[in-house]
Amino acid sequence: MSHIVKIGAATLYLGDAYEIRPTLGFHDADVMDPPYLFNNSGGGAYRAARGASDQIVTEGLDRGFDHAIVSPELCGAVVIFCHNDQLGDLIPAIVEDELNDFDALLVADMFAALRPKFRRAALLAWIKPNPAPHRNKHYLADIEPYIHAWNQGFAPVGDHHDMHRWINAGSMPSKVYGHPTVKPDAVMDKIIRNVAGESVCDPFMGTGSTGVAAIRAGKRFVGIERNPAHFETACRRIEDAVSMGAA
Ligand SMILES: C[S@@+](CC[C@H](N)C(=O)[O-])C[C@H]1O[C@@H](n2cnc3c(N)ncnc32)[C@H](O)[C@@H]1O
């Protein structure tokens with residue numbers, strides 16, 4: 001049983017994405033920041049500075065997600081944030097063909113395993129000038145990848161200067177909304193400017209960052225979040241966005 005809140009052009013569901021998303025019908029774009037898949041062990045001298053990573057694990061957001069929630073029956077395009085280590089599984093799971101330039105370097109060898117869903121895709125990046133200090137014998141996590149995949153009629157849109165594959169923006173401290181992975185407004189505003197259509201769904205809404213950007217852009221928004229505290233934060237943020245639009 002889910003709890004539903006309507007705020008202006010937004011409809012928010014407190015409940016499970018895998019149950020609710022299939023019942024919500026077609027949206028022009030699904031924009032999601034689903035649970036990551038990563039290893040939080042180690043940390044060395046920087047261990048104490050990784051509170052947000054520990055909260056990700058505590059909330060069970062380190063175990064990945066079921067790719068079946070991404071369906072061309074439900075959306076014309078999809079935007080998915082992911083951890084670096086998920087790229088190998090995720091890209092071949094959602095991209096059909098028609099590769100171009102550097103995307104091909106990552107994707108070409110993986111196509112044998114495809115479950116074709118979308119015709120074209122691009123790999124994009126949120127570049128963080130303030131990455132977490134721990135590296136675990138890896139690069140600094142100063143790039144968070146996201147994938148934008150689309151079918152015919154839902155190609156990326158935007159002014160020429162908005163069509164870069166990267167956005168540079170500082171990450172949001174987890175204390176602001178009590179959530180470890182809040183996406184900054186600048187990142188979400190760019191993504192929403194680049195998706196085609198009028199309706200946006202975020203099945204893993206968190207604190208509602210996608211919804212805030214969608215409402216500010218004049219789009220309809222549907223979001224799902226299972227954590228009641230984060231759901232309340234999303235309601236509050238989206239109420240603010242709606243009332244600022246109405247002012
Ligand atoms: C990476 S966070 C998204 C954060 C969001 N982008 C923001 O800016 O606040 C993923 C969210 O999905 C939620 N979540 C995880 N599994 C879920 C499920 N099966 N159904 C609904 N929500 C889920 C988590 O509680 C978490 O808040």
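Going by what's in this entry, would residue 141 be described as surrounded by fewer than 19 Cβ atoms within 10 Å (Cβ to Cβ) and in contact with a Ser or Thr (Cβ under 8 Å, 6 or more places away or on another chain)?
Working: surrounded by fewer than 19 Cβ atoms within 10 Å (Cβ to Cβ): yes; in contact with a Ser or Thr (Cβ under 8 Å, 6 or more places away or on another chain): no.
No.
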Of everything in the stretch 172-192, what is under 13 Å from residue 211 (Cβ atoms) and more than 8 Å from the ligand (Cβ to nearest atom)? Give them in sequence order.
185, 189, 191, 192
Being in contact with a His (Cβ under 8 Å, 6 or more places away or on another chain) and closer than 14 Å to residue 33 by Cβ is the filter here; which residues of the stretch 230-247 pass it?
230
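Of all the strands (runs of 3 or more DSSP E) wholly in the stretch 129-229, which have at least 3 residues that are modelled with pLDDT of 95 or more and out of contact with any Asp or Glu (no Cβ under 6 Å at 6 or more places or on another chain)? Break it down stepwise before answering.
Values: elements: 143-150, 166-168, 199-202, 220-225.
Output list reads 166-168, 220-225.
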Within the stretch 57-81, residues open to solvent by less than 10 Å² (accessible area, probe 1.4 Å) and farther than 11 Å from residue 203 by Cβ come out as 76, 77, 79, 81
Filter the stretch 209-229 down to residues that are crowded, with 21+ Cβ neighbours inside 10 Å and closer than 17 Å to residue 35 by Cβ and give me whichever is nearest to the ligand (Cβ to nearest atom).
209
Would you say residue 159 is more than 16 Å from the ligand (Cβ to nearest atom) and surrounded by fewer than 19 Cβ atoms within 10 Å (Cβ to Cβ)?
yes
Sole miss for residue 232 among (1) closer than 16 Å to residue 158 by Cα; (2) more than 17 Å from the chain's Cα centre (by Cα) is condition (1)
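The values are calculated or read from the model by the stated rules, or taken from the named source; none is laboratory data. Because the structure is a prediction, the values reported are computed rather than measured. Please note: Cβ atoms are built from the backbone with ideal geometry, for glycine as well, and neighbour counts cover all protein chains shown. These accessible areas exclude ligands, DNA and RNA; they are computed on the full protein's heavy atoms, side chains included. Shrake-Rupley method; radii C 1.70, N 1.55, O 1.52, S 1.80 Å.
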